Amino acid sequence: MLAEVASGGASEVVPKVTTLLKRFLTAKQLKQLHGLILVHGLNHLEGLVIRHLISFPSDYYQGIAHYLRLILRHSKQPDVFTATSVIRYFCNHGGFHEAFAQYVDMQRSGLLPSSFTVASALKACARLGNENGGMMIHCQVHSHGFCGDVYVETALLGFYTKVKDMETAQKLFDEMSERNVVSWNSMIDGYVRSGNIPLAEKVFSTMPNKDTVSWNTMVSGHSKTRNMEKALRLFQEMPERNPTSWNVMIRGYIDSDNIDLAQNFYNSMPQRNTISCITMITGYTKHGDVESARELFNNMSQKDQSLYNSMITCYSKNSHPKEALSLFDEMLQPKSNIQPDKMTLATIISACSQLQNFNLGSWIHESYMKQINITMDDHLRTALIDLYSKSGSITKAEELFKELHKKDIVAYTAMILGCSINGKEHIAIQVFDEMMASKIRPNLVTYSGILTALSHIGMVKKSYQCFDSMKNFGLEPTPDHYSLMVEIIGRNGRLDEAYDLIKSMPMEPHVGVWGALLRACATHGNVELGEIAAKHCFELESESSGYGSLLANIYASVGRWEEAKRLRERVHEKGSVKVPGSSWMDHQLE
DNA sequence: CTAGGGTTAG
């Protein structure tokens, strides 16, 4: 029939094409048919092609989305129904930016959205946290007269609850003439998300017909706030449980660091799904138990993309980048034949960065992503910022940083750290200030980055300010942060002050802290404190001789040759000349 | 509408 279309006259072609498009077609056939449609100038039939395209199994999302983008770029806007299907398709597969862009394009070409269009576009805005977009659509709801449509109103509610504007959500909810179970559940979810458990409970208790989702949402509210007693009580009270109910409990125990109870729930649930397994793997990832995670992974008979992603992440997060890469390779093998997605690649880029395999990392960026039609997003950009800054291509990293749609804490931190290790300390400080100005909460990693920058340029006063500001964000400095401070203060020659800081630590200083003091004492030839610091280093890490050499240097620097010689001999006897790793140390050795 | 997988240090 395809051949007939190719040869036939225009009048017979239309019904044939229409019939064909209702059948099952392979991707190749569809492409051919699409070509013929264009040859015959039947552009109005493109909508059918698009709708056919998005009915393919979602495994092919990357390819389908790519083809869709091509069609949408080169043709005139599809009809409302088709455009809406496209928006929904993007939405259901995580392409929220594209969903929203399609909605905007549709408006631009003068098409009036339907209630379905509006509901889908709102969902995209909700998931993107695009507050302006959502509010704009809210206005259109009024001007297009969609008020009173339960689906639209519930979508609006979903938008406001997702962006945590519970005041507006509550107002909308109160004014709704008709509410369905989803509207109620959205309200519970909204209060749970904004951390207001009492109000969530209030909605939950006044809700007329609770379904399993209502119960699960409430249980997850308690488990998110680490109230596992209450979560368990509700879980037991539920009239009906589905796998999600169990998964929520497992996640709660994992978040409360109770991996044993999580394990118990996992073992006793009547039906496990992939998400149960992924949740457990995440728990093991957090606990650094790579072996148990792998065991669970191996036991799954059906392994999908997400499961692979969770295991690859487990390896990458626990500093097993080689294993991450080999599992990535395994998933691409014909016998498993699973497509990687953005998440896979973000993790793999991180693994490349850890392995210093910059060629593989930039090949993924420059070539592989295009090959498999994966479009850039902010998580990928962040992973690449780290990769490029670790390989010294700080300019590339800065470019990617500029391209970010939303700069989150991870992106800022990666950039700050990237600047710090590439001799752009002042830029690092600038980026840090910019982050503070945009009211993004720094975390412990951010402070490691900025203190590293400050340590390179020895800005003592600014470092103190920075260090002291940690408590404004409820952050407790870790021994690593103290090490950095000791290094900064000590390198400036203020050794007693550095020692005082160590003594003020609320926890036991680890070897890094004493090592920083010892190195500072070596620089400034302070025997008294150097001996104290060295003593602690020996106690904490007797097998390393680097500390002995440092102390010997101190003796030598003040002319106490005998002691220096004796110490060096002892170091030599031990046979080990290993020096503890430290960026500062490396500079000293150069 | 509920459950899962991504990116930053050491």
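The values are calculated or read from the model by the stated rules, or taken from the named source; none is laboratory data. Predicted model only: the values in this text are computed from it and were never measured. Reconstructed Cβ throughout: ideal geometry from the backbone, glycine too, with neighbour counts over all protein chains shown.
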Checking A:471, A:439 in turn, the sole residue that is free of Cβ contacts under 8 Å to residues at least 24 places away in the same chain, not assigned by TED's automatic domain parsing to the domain that holds residue A:526 and not in a helix (DSSP H, G or I) turns out to be A:439
Leading residue by the ranking (farthest from the chain's Cα centre (by Cα)) among those in region A:198-228 that are more than 20 Å from residue A:180 (Cβ to Cβ) and near DNA strand B (Cβ under 10 Å from one of its atoms): A:219
Would you mind stating whether residue A:293 is part of a helix (DSSP H, G or I), among the small types (Gly, Ala, Ser) and under 22 Å from the mean Cα position of the chain (by Cα)? yes
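Select from region A:36-57 the residues that are within 25 Å of residue A:368 (Cα to Cα) and in contact with a Phe, Trp or Tyr (Cβ under 9 Å, 6 or more places away or on another chain) and write down the one among them that is surrounded by the fewest Cβ atoms within 10 Å (Cβ to Cβ).
Among those that are within 25 Å of residue A:368 (Cα to Cα) and in contact with a Phe, Trp or Tyr (Cβ under 9 Å, 6 or more places away or on another chain), it is A:54.
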Exactly one of these conditions fails for residue A:182: (1) among the hydrophobic types (A, V, I, L, M, F, W, C); (2) more than 10 Å from DNA strand B (Cβ to nearest atom); (3) under 19 Å from residue A:125 (Cα atoms). Give me its number. (2)
Would you point out which residue out of A:331, A:280 is assigned to a helix (DSSP H, G or I), of a type in the set (A, V, I, L, M) and closer than 22 Å to residue A:230 by Cα? A:280
Checking the structure you have, find out if any residue of region A:188-195 is touching a residue at least 24 places away in the same chain (Cβ under 8 Å) and on the phi > 0 side of the Ramachandran plot. yes
Looking across region A:419-447 at residues that are crowded, with 19+ Cβ neighbours inside 10 Å and of a type in the set (Gly, Ala, Ser), the single one that is nearest to DNA strand B (Cβ to nearest atom) is A:420
Given the residues A:322, A:396, which is the only one that is away from DNA strand B (no atom under 12 Å from the Cβ), in contact with a helix residue (DSSP H, G or I) (Cβ under 8 Å, 6 or more places away or on another chain) and either closer than 30 Å to residue A:70 by Cβ or not in a helix (DSSP H, G or I) (or both)? A:396
Please find, among A:502, A:457, A:450, the residue that is within 12 Å of DNA strand B (Cβ to nearest atom) and either hydrophobic (A, V, I, L, M, F, W, C) or at pLDDT below 95 (or both). A:450
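If I ask for residues that are charged (D, E, K, R) and either under 17 Å from residue A:462 (Cα atoms) or touching a Pro at 6+ places or on another chain (Cβ under 7 Å) (or both), which ones from region A:408-437 would you list?
A:424, A:425, A:433, A:434
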Quick one: residue A:264 ticks every box in (1) within 25 Å of residue A:387 (Cβ to Cβ); (2) of a type outside the set (Lys, Arg); (3) part of a helix (DSSP H, G or I); (4) more than 9 Å from DNA strand B (Cβ to nearest atom) bar one, so which box is it? (1)
Cβ-Cβ under 8 Å, sequence separation 6+ or interchain: first residue in region A:256-283 and closer than 19 Å to residue A:242 by Cβ, partner of a type in the set (Asp, Glu). Which pairs? A:274/A:304
Would you mind stating whether residue A:70 is among the aliphatic types (A, V, I, L, M), farther than 29 Å from residue A:340 by Cβ and part of a helix (DSSP H, G or I)? no
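Among the residues of region A:473-492, is there at least one that is closer than 17 Å to residue A:571 by Cβ, among the polar types (S, T, N, Q) and more than 32 Å from the chain's Cα centre (by Cα)?
In the first step, residues of region A:473-492 are kept if they are closer than 17 Å to residue A:571 by Cβ; the result is none.
So far as region A:473-492 goes, no, none of its residues is closer than 17 Å to residue A:571 by Cβ, among the polar types (S, T, N, Q) and more than 32 Å from the chain's Cα centre (by Cα).
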Going through region A:348-369 one residue at a time, which ones are more than 12 Å from DNA strand B (Cβ to nearest atom) and either touching a Ser or Thr at 6+ places or on another chain (Cβ under 6 Å) or at pLDDT below 95 (or both)? A:358
So which residues in region A:83-115 are closer than 20 Å to residue A:144 by Cα and outside any helix (DSSP H, G or I), if there are any at all? A:109, A:110, A:111, A:112, A:113, A:114
For residue A:231, state whether it is touching a Gly at 6+ places or on another chain (Cβ under 6 Å) and either more than 9 Å from DNA strand B (Cβ to nearest atom) or assigned to a helix (DSSP H, G or I) (or both). yes
Every residue in region A:370-387 that is part of a helix (DSSP H, G or I), within 9 Å of DNA strand B (Cβ to nearest atom) and either at pLDDT below 95 or acidic (Asp, Glu) (or both), please. A:378, A:386
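Does residue A:328 meet the test of being farther than 30 Å from residue A:218 by Cβ, crowded, with 18+ Cβ neighbours inside 10 Å and of a type in the set (Phe, Trp, Tyr)?
Here the answer is yes, as residue A:328 does meet what is asked.
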Taking region A:21-60 on its own, how many of its residues are in a helix (DSSP H, G or I) and modelled with pLDDT of 85 or more? 21
Considering only residues that are over 18 Å from residue A:532 (Cβ atoms) and surrounded by 13 or more Cβ atoms within 10 Å (Cβ to Cβ), which ones fall in region A:555-564? A:556
Within region A:309-319, take every residue that is polar (S, T, N, Q) and within 9 Å of DNA strand B (Cβ to nearest atom) and give me the one that is surrounded by the fewest Cβ atoms within 10 Å (Cβ to Cβ). A:319
Return yes or no: is residue A:178 outside any helix (DSSP H, G or I) and either within 20 Å of residue A:150 (Cα to Cα) or in contact with a helix residue (DSSP H, G or I) (Cβ under 8 Å, 6 or more places away or on another chain) (or both)? yes
